[in-house]
Amino acid sequence: MNKQEFLNRLRGELSILPSADTEERINFYSEMIDDRVEEGVSEEDAVAEIGSIESVVAQITADIPQKAKTRKLKGWEIALLAVGSPLWISLGVAAAAVLFSLYVSLWAVVISLWAVFASVAACALGGLAGGICIAVTENAASGIALSGGGIACIGLSIFVFFGCKLATKGTVKLTKLCVKKLFRKKEEA
């Protein structure tokens, strides 16, 4: 690629910048190529030494302060935002309500899992205590069967406990991640 092709492509890629900044960068790279040509390097080799258009644009945009990248809204854009505000505000509120309901539902599932654990643990204790009482006072076979059910519930409650603990940890991590991303975006803005 020769100098003029390189500079034309660079100008096209830098169209997001203010025109003064774009021209400053174009002049800089034009002088750089001219200096290399004066040293005896061919124009194509001088352009190749600079690097690809993409890498040059990435370097330039990385060096620009964040404020320079923002642009002002045009009048028709402001009018469109104002006219469309009843629609996009209500859609935004609806989206926020859906996200909040999903979040509440997720915690409701976790709370329900803990309720299942509590009921299975209570059944284990009740079955064991009731089985011992029945075995001693009334029918030994029925008491032993009830005690066996209580022991089975103890094993099940241990299993459910670890599931509840894992679900709670996952939900807490998800909550922290969402809050961190939400506030990080607000800080960057």
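A short reminder: the numbers here are calculations on the coordinates, not readings from a lab. Please read these numbers as outputs of a predicted model, since none were measured by experiment. Cβ placement follows ideal geometry from the backbone for every residue including glycine, while neighbour counts extend to all protein chains displayed.
Please verify whether region 39-56 includes one or more residues that are farther than 20 Å from residue 11 by Cα, of a type in the set (A, V, I, L, M, F, W, C) and in contact with a helix residue (DSSP H, G or I) (Cβ under 8 Å, 6 or more places away or on another chain).
yes
Only one of these is touching a residue at least 24 places away in the same chain (Cβ under 8 Å) and of a type in the set (A, V, I, L, M): 94, 58, 46. Name it.
Of 94, 58, 46, the one residue that is touching a residue at least 24 places away in the same chain (Cβ under 8 Å) and of a type in the set (A, V, I, L, M) is 46.
One line per residue, one yes/no per condition, for (1) surrounded by 12 or more Cβ atoms within 10 Å (Cβ to Cβ); (2) more than 28 Å from the chain's Cα centre (by Cα); (3) farther than 30 Å from residue 17 by Cα:
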position	(1), (2), (3)
73	no, no, no
87	no, no, yes
96	no, no, yes
101	no, no, yes
127	yes, yes, yes
130	yes, yes, yes
137	no, yes, yes
142	yes, yes, yes
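Given the criterion within 30 Å of residue 30 (Cβ to Cβ) and surrounded by 14 or more Cβ atoms within 10 Å (Cβ to Cβ), identify the matching residue among 110, 57.
On the way: 110 fails: within 30 Å of residue 30 (Cβ to Cβ).
Exactly one residue qualifies, and that residue is 57.
Suppose we keep only residues that are more than 30 Å from residue 73 (Cβ to Cβ) and in contact (Cβ under 8 Å) with a residue 24 or more places away in the chain within region 8-33. Which one would you say is surrounded by the fewest Cβ atoms within 10 Å (Cβ to Cβ)?
Checking each candidate, the answer is 30.
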